[in-house]
Amino acid sequence: MDGNGRWAKKRSLPRSAGHVAGAKTFKNIARYCNKIGLKYLTVYAFSTENWKRPEDEVKNIMNLLRDYLKDAENFKDENIRVNFIGDRTPLDDDIKALMEKNEKASANATGLTLNIAINYGGRDEITTAVKNIIKSGLKPEDITEQVISDNLYTKGMPDPDFIIRPSGEYRLSNYLIWQSAYAEYWFSDILWPDFTEKHLEKAIDDYNHRNRRFGGV
Ligand code: FPP
């Protein structure tokens, strides 16, 4: 969900206003994905590297997350299952509790699974997986790609088919680096707060014209 800061700057607003607008777009797009029958949406809300930002900005993003989670009505009638990926250890206790509450309350939803990546980093995820696999006592010959997948935050979920990065940046930024091995990418200059259902439709249409070979012919 990139470009919030630049969106705010263009309007001579503080960066926090960009994140507020970004949070609105996030809610719209998640709802839309559920409406069109998408099964999984994973959004990058806060990376393991985002702690480097000024304290105020980190607080602001965490407060937006807090507000969103407190609004328990978010998922009730929408049949959206919410799930968090990332290392929760350094998060505030009330946020951790709200995350759990939302996950439990929506666990039986059968519509969209909405993964929200908080303090998520692909390298951190793989490092944790390696530690857990070693602790489990598995022998080298028992370690398969499936074993690694089963030790990631996305255990039991399909790999992403399609990754959209807005805001004119052409990089992965440590996002789902194991899972995205064969994902299709869509890059666009649109800043995340300006991203609408129409942009998503266009992206999906492009995706539907791709020829995915997965290394075959
Ligand atoms: C990247 O844009 C955006 C973030 C690091 C924060 C994303 C957070 C939200 C959209 C709101 C909170 C989330 C939820 C789930 C309610 P940037 O700040 O790097 O923008 P810039 O590159 O233009 O500076």
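Residues that are of a type in the set (S, T, N, Q) and in contact (Cβ under 8 Å) with a residue 40 or more places away in the chain were ranked within the range 12-27; the one that is farthest from the ligand (Cβ to nearest atom) is S16.
Selection over the range 28-56 of residues that are near the ligand (Cβ under 9 Å from one of its atoms) and either surrounded by fewer than 13 Cβ atoms within 10 Å (Cβ to Cβ) or not in a helix (DSSP H, G or I) (or both) gives a count of 6.
Residues of the range 171-203 that are under 17 Å from the mean Cα position of the chain (by Cα) and among the aliphatic types (A, V, I, L, M): L172, L176, I177, A181, A183, L191, L200. Against the test of being of a type in the set (S, T, N, Q) and in a loop (DSSP other than H, G, I, E, B), the options N108, N102, N119, N132 yield a single qualifying residue, N108. Of everything listed in (1) in contact (Cβ under 8 Å) with a residue 60 or more places away in the chain; (2) outside any helix (DSSP H, G or I), the single unmet condition for G156 is (1).
Report, by residue number, each residue of the range 57-73 that is outside any helix (DSSP H, G or I) and touching a residue at least 24 places away in the same chain (Cβ under 8 Å).
Let us first name the residues in the range 57-73 that are outside any helix (DSSP H, G or I), namely 71-72.
Of everything in the range 57-73, just one residue is outside any helix (DSSP H, G or I) and touching a residue at least 24 places away in the same chain (Cβ under 8 Å), namely A72.
Every listed requirement among (1) part of a helix (DSSP H, G or I); (2) surrounded by 14 or more Cβ atoms within 10 Å (Cβ to Cβ); (3) away from the ligand (no atom under 14 Å from the Cβ) is met by D94 save one, (2).
Summed over the range 174-194, residues that are out of contact with any Lys or Arg (no Cβ under 8 Å at 6 or more places or on another chain) and within 14 Å of the ligand (Cβ to nearest atom) total 5.
Throughout, read-outs are computed from the coordinates displayed, never taken from laboratory work. Quick caveat: nothing in here was measured; it's all calculated off a predicted structure. No Cβ is skipped: glycine too gets one built from the backbone with ideal geometry, and neighbour counts run over all protein chains shown.
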